[in-house]
1. Could you tell me which residue out of I73, L12, A129 lies farthest along the dipole of the chain toward its positive end? Charges go on the beta carbon: Lys and Arg +1, Asp and Glu -1, centred on the Cα centre.
2. Only four residue types carry charge here, +1 at the Cβ of Lys and Arg and -1 at the Cβ of Asp and Glu. Report the dipole size of the chain about the Cα centre in Debye, rounded to the nearest 20.
3. Could you point to the residue in I118, L52, Q23 farthest towards the positive end of the chain's charge dipole, with +1 and -1 charges on the Cβ of Lys/Arg and Asp/Glu respectively?
4. Considering only the other residues whose Cβ falls under 13 Å of the Cβ of S110, what net charge follows from Lys and Arg at +1 and Asp and Glu at -1?
5. Computing the accessible area with a 1.4 Å probe over protein heavy atoms, can you report the carbon and sulfur percentage for the chain?
6. Which entries of K48/K161; K25/K48; K147/K176; K131/K177; K81/K185 have Cα-Cα distances beyond 21 Å here?
7. Measure nothing but the geometry: give the 0 to 90° angle between the long axis through the Cα atoms of 35-44 and the longest principal axis through the Cα atoms of the chain, rounded to 10°.
8. What stretch of the chain, leaving out the sites themselves, is the longest with no chymotrypsin sites (Phe, Trp or Tyr not before Pro) in a DSSP loop having at most 14 other Cβ atoms within 10 Å?
Amino acid sequence: MRALIYPDYYVLQDEDFEVSAFQIKYAEKFVKLTHRNVLGALMQLGFKRDYLGDIIIGDTIQIVIATHLNEYIKQHLTKLKGSSVKLIQIDPNALTNPVETYQSFDATVSSLRLDNIISEMMRKSRAVAQKHIETGNIKVNHVIIDKVSFVLEPGDTISIKGYGRAQLIEIGDLTKKQKYRITYKTLFN
């Protein structure tokens with residue numbers, strides 16, 4: 001998304017934002033592309049993340065980029081995950097709204113510490129969760145948290161680099177074994 005600062009008398013046009021949108025055509029029958037595949041291919045082309053906009057994965061795959069990169073991307077983005085691709089430029093106003101499908105889970109955890117809940121969400125050991133936290137791969141409410149002892153609260157949004165987003169929905173009662181009942185939802189790749 002781009003923001004513009006302009007005087008009151010100026011009439012804003014869509015072209016002023018200097019963004020373009022493309023739909024990616026590929027052999028859907030043989031290859032399943034994910035957000036990670038598309039972002040990885042674009043980063044391999046040497047783009048700065050600042051020039052890339054949304055990557056919308058749904059019935060079709062659509063990307064938004066800075067307009068000055070149009071010709072470069074048309075010439076160089078020819079394959080994704082081994083499949084030939086064709087880029088079709090579309091009107092940015094015709095982009096589809098992504099449908100985010102979260103999966104909801106109920107679990108019990110021994111504490112509300114970040115490492116403990118990340119471990120549960122990733123279905124990995126606490127040691128693996130701690131490594132992710134200490135290397136800065138975890139954001140809570142859009143802020144990088146590198147302390148394993150950080151305590152989560154209901155409504156916190158967690159981003160796990162390489163996995164996706166999750167949200168702690170509810171913290172329930174304690175079980176007989178003094179564990180917390182939690183409900184969370186994930187939007188993982």
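The values are calculated or read from the model by the stated rules, or taken from the named source; none is laboratory data. Everything quoted here is computed from the prediction, not taken from an experiment. As a convention, Cβ positions derive from the backbone with ideal geometry for all residues, glycine included, and neighbour counts pool all protein chains shown. Protein only, heavy atoms only, side chains kept; ligands, DNA and RNA dropped before computing areas. Shrake-Rupley method; radii C 1.70, N 1.55, O 1.52, S 1.80 Å.
1. A129
2. Using only the charged Cβ atoms, the result is roughly 1280 debye.
3. After comparing all options, I get I118.
4. Charge balance in the 13 Å sphere: +3.
5. Accessible surface attributable to carbon and sulfur in the chain totals 50 percent.
6. Those over the limit are K25/K48; K147/K176; K131/K177; K81/K185.
7. 60 degrees
8. Longest run free of exposed loop sites: 31-189.
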